[in-house]
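Note sheet for the following structure.
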Amino acid sequence: MREIIRIGVLRGRLEIKQFMRQRESVIFTLFFPIILLFIFGSVFKGKISGDVTFSQYFISGMIASALVNTGFQQLAIMIPIERDFGLLKRLRGTPMSPVSYFIGKAISVLYSMFVQIIMLLAFGVALFHLHLPSDGSKWIRFVLLVILGSVSSTILGIAFSSVPKTGRGASAVVSPIVIILQFFSGVFFVFTTLPKWMQDFAALFPLKWLTQGMRSVFLPNTFAVQEAAHSWEIGSQFVKLLPLPDIRRMVMTVRTLQLDSQKNTACFSSHIFGHRTLSE
């Protein structure tokens with residue numbers, strides 16, 4: 001197990017180096033949330049309730065959105081591209097365990113998430129008067145939300161990567177889903193101003209709960225009455241962020257990859273998660 005983790009860490013370092021060498025990807029992934037923050041924060045300057053401005057409300061949503069974009073969107077697009085280039089098929093012929101491959105992906109995603117969060121907080125404090133929590137319990141909640149949000153979005157991204165038929169069309173399949181969920185989950189708009197059916201639909205997905213959780217960290221406790229349930233629903237946030245069905249699918253994926261790697265067969269298992277396999 002130690003060897004698997006060690007190789008996974010090395011794979012993660014390689015993933016980060018490859019990511020940093022792609023300037024376009026670095027600019028889009030790391031700076032796109034900052035650009036959105038600057039645009040929306042500059043356009044909407046009014047107060048929502050009390051001393052809470054739209055900019056402060058929007059920053060909380062952007063931090064949650066950054067986790068989902070980096071984890072779900074990036075993995076759901078990149079894995080099909082690597083599949084088309086034959087990278088996954090070549091990896092099956094090496095001693096590297098599939099677990100190490102996914103560990104490497106997770107490390108790369110966590111690195112991007114960490115950088116984005118730091119940048120968003122820095123710009124929020126410097127330009128839009130974001131008040132960082134002074135209560136230690138809120139920072140603990142923030143760390144737990146980041147961990148759960150990262151794990152959830154990473155697993156969902158790996159699971160959904162089997163849906164796009166080709167790497168070329170992966171962005172066209174994944175990006176609209178992410179954009180729609182951002183609008184429905186209160187990232188770009190005040191959640192309670194959305195129609196009831198949109199609120200109910202958004203509650204089925206982790207982004208809504210992650211966004212609401214970030215608001216509970218960075219906005220005053222008095223703002224909780226402005227939420228749809230008139231409270232932060234902290235317990236529901238953590239429960240909804242647990243991707244239990246997708247963890248089961250993730251285990252199935254790793255096991256299938258591991259069996260094929262050991263047998264070194266030319267044919268991969270027919271379907272994972274009820275869709276195409278990652279290595280087709």
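The values are calculated or read from the model by the stated rules, or taken from the named source; none is laboratory data. In this text, all values refer to a predicted model and were calculated from it rather than measured experimentally. Cβ atoms come from the backbone with ideal geometry, glycine included; neighbour counts cover every protein chain shown.
Highlighted here are the helices (runs of 4 or more DSSP H) found entirely within segment 77-178 that include at least 2 residues which are within 21 Å of I27 (Cβ to Cβ), free of Cβ contacts under 8 Å to residues at least 60 places away in the same chain and not β-branched (V, I, T): 98-128. Taking the condition surrounded by 19 or more Cβ atoms within 10 Å (Cβ to Cβ), touching a Ser or Thr at 6+ places or on another chain (Cβ under 9 Å), closer than 18 Å to G124 by Cβ and not hydrophobic (A, V, I, L, M, F, W, C), does T53 pass? No.
The condition of being modelled with pLDDT under 80, surrounded by fewer than 17 Cβ atoms within 10 Å (Cβ to Cβ) and not hydroxyl-bearing (S, T, Y) holds for only one of G46, G41, that being G46.
Please work out if I158 is modelled with pLDDT of 90 or more and crowded, with 23+ Cβ neighbours inside 10 Å. No; evaluated as a whole, the condition is false for this residue. Of all residues in segment 80-105, which are surrounded by fewer than 21 Cβ atoms within 10 Å (Cβ to Cβ) and under 30 Å from L37 (Cα atoms)? I81, the sole residue that qualifies.
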